[in-house]
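Okay, structure first, notes after.
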Amino acid sequence: MNVYIKTYGCQMNERDSESAAAMLAEAGHTIVHTEKAADLIILNTCSVREQAELKAIGKLGILSRLKREHPWLLFGIMGCMAQSRGEELLEKIPHLDFVIGTDNIHLLPETVAELEKGRRKMRHDLRMGADTPGIDAHRLEESEQPFSAFVSISRGCNRFCSYCIVPYVRGPERSREMDSIVEEVRMLAGQGVKEIMLLGQNVASYGFDRKPPSEMPDDVSHFAELLSRINDIDGIRRIRFTSPHPAYFNRRLIETVGALPKVCKSMHLPLQSGSDLVLKRMNRPYTAEKYLQIVNDLRALAPQMTFSTDIIVGFPGETEADFEATRQMMQAVRYDNAYIFKYSPRKGTVSAKLYPDDVPQTEKERRNQVLLAELEKINAENNNALVGQDFELLAEGPSKRNSASWMGKTDTFKQVFFKAPDGLKKGDFINVHIVRATSMSLYGDVI
Ligand code: SAH
Ligand code: SF4
Ligand code: F3S
């Protein structure tokens, strides 16, 4: 069968789509890149905000028209919405043939085999352990960036931030066996992968599955141990990860991140809010001061470290003063990037039950814009300060906008455009001297 997979949501979903594609290809199917070429269209869905769900449902509606032209066309939904609303969707959407939940991706090949036999309306959404078959299946040969790979280290989340639907759809946190992750990274290194992105809803709590953070000692971090083991693998040059919850940044992890040469000095550290009162209602067990302490401790070990974050504006009850506290945190940390979201109440979550969604949409939008403008200003300043410095880049390939120039990334996750010397290949390392900066990008001369 020709299968087209469209992915919504986070990097975990992207990774799941890749392993789904690898398993389907292994079973003899062809992965195609347009809807028109497909016999089966699978949407890998996200539930994190209402908009994300509406987008996928809207897409299914539009695709149903394609079925009029190609009556043989089949449809499946996987991912977070399949897990939480699978039964309802199967009932409501007549042309939907199956749903596959977040832990059941390995059942895709047999589900497609059943489809070929004529079965319809199938649903698989049982919870599984973390090391499901195929969680380590990759498709590097199809990747535009075969030098870089995502590796899932855990499933689910135990944090229950009050606004968040993820623990309900992805289930409880289950860490993969460390040996199995290390083996997967070794295999990837053997295939030429140089950069690894470790993925989990809360990577820093890796291995602590059943222990709340209050019991967490300062000198034990299973995630730090995993980083050390991956750091030892020949061929791997850069290790990145997303996302670590600030509550799990103990001394051991901070020192490990600072010390290991292959662990990139760029950190995605979700803040959510700079107001302690809002953080409390969000069930995020840290204060702005504690968060800043982590940032400062990391910068003390690696002064060049860059930070990115997630922020929610318009959480219920967020006052102007709360918002101002968030704005001040942006100033204090001097983020290089921030994903800013407008609060969206999710059915079943604690905040949706307890607190009215009382910040008007226009005010959420205004706060969003204020933070974006702030971020742009900080970015321009951060980038300008890098002019005159030298960096090693991992060359990612010709720039999308201007093919005469190439783009590469620093260890600190800054994009640099440069003129590629003859013979440069994607995935090579190259040194540049930064000559110019904008708020978005850096420009360098090859040294
Ligand atoms: N596990 C990751 C986040 C996964 S969801 C972490 O804790 O960092 C990605 C981001 O979506 C969150 O960090 C949060 O900023 C945002 N988000 C989650 N639920 C939301 C909601 N109900 N409304 C708006 N934004 C939300
Ligand atoms: Fe959601 Fe919080 Fe878990 Fe992240 S840590 S997935 S925001 S509950
Ligand atoms: Fe969305 Fe699921 Fe990721 S809800 S953000 S795709 S874990």
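By how many nm would the segment from Leu140 to Glu320 grow when fully extended, if each residue of separation counts as 0.36 nm and the alpha-carbon distance is taken off? If you can, show how the numbers build up before the last one.
Details: separation 180, 0.36 × 180 = 64.80 nm, distance 4.76 nm.
Gain in length upon complete extension: 60.0 nm.
Need the list of aspartates and glutamates near Lys36 for cross-linking: C-alpha distance under 16 angstrom, and skip anything on the same chain fewer than eight residues off.
Glu69
Leaving out ligands, DNA and RNA, what percent of the accessible area of the chain is carbon and sulfur, probe 1.4 Å?
Exposed carbon and sulfur together represent 51 percent of the surface.
With +1 on the Cβ of every Lys and Arg and -1 on the Cβ of every Asp and Glu, and nothing else charged, how large is the dipole of the chain about its Cα centre, in debye rounded to the nearest 20?
Once rounded to the nearest 20, the dipole reads 860 debye.
For the chain, what number results from the quotient of the Cα radius of gyration and 2.2 N^0.38 Å?
My calculation over the Cα atoms of the chain gives 1.00.
Using only the Cα atoms of region 1-55, each taken as one equal point scatterer with no solvent, compute I(q) by the Debye sum, divide by I(0), and report log10 of the ratio at q = 0.21 Å⁻¹.
For region 1-55, the Cα-only Debye profile gives -0.76.
Please state the charge dipole magnitude for region 290-447, taken about the Cα centre, from unit charges on C-beta atoms (+1 on K and R, -1 on D and E), reported in debye and rounded to the nearest 20.
Charge dipole of region 290-447: 400 debye, to the nearest 20.
Can you list, by residue number, the Cys in the chain that have no neighbouring cysteine C-beta under 4.7 Å?
Cys10, Cys46, Cys80, Cys157, Cys264
If I take every Cα pair under 8 Å that is 6 or more residues apart in region 279-342, average their sequence separation and divide by the length, what percent do I get for the relative contact order? Provide the component values of the computation, followed by the final result.
Numbers: 43 pairs, mean separation 26.2, N = 64.
The value is 41 percent.
Too long at a 26 Å Cα-Cα cut-off: which of Lys265/Lys377; Lys377/Lys409; Lys92/Lys364; Lys342/Lys377; Lys6/Lys400; Lys55/Lys194?
Check vs 26 Å cut-off fails for Lys92/Lys364; Lys55/Lys194.
Using the per-residue mean of other Cβ atoms lying within 10 Å as a proxy for protection, in what order, highest first, do the peptides 96-108, 46-58 fall?
96-108, 46-58
Projected onto the charge dipole of region 75-141 (+1 at Lys/Arg Cβ, -1 at Asp/Glu Cβ, origin at the Cα centre), which of Ala113, Leu96, Ile135 gives the Cα projection farthest towards the positive end?
The one lying farthest along the dipole's positive direction is Leu96.
Where only protein heavy atoms count, and the probe is 1.4 Å, what is the accessible area per residue for the chain in Å²?
43 Å²
May I have the convex hull volume per residue, in Å³, for the Cα set of region 152-218?
Values: hull volume 7.4 nm³, N = 67.
Cα convex hull per residue, to the nearest whole number: 110 Å³.
The values are calculated or read from the model by the stated rules, or taken from the named source; none is laboratory data. None of these values were measured; they are calculated from a predicted model. Positions of Cβ are backbone-derived with ideal geometry, glycine not excepted, and every protein chain shown enters the neighbour counts. Accessible surface areas use protein heavy atoms only, side chains included; no ligands, DNA or RNA. Shrake-Rupley method; radii C 1.70, N 1.55, O 1.52, S 1.80 Å.
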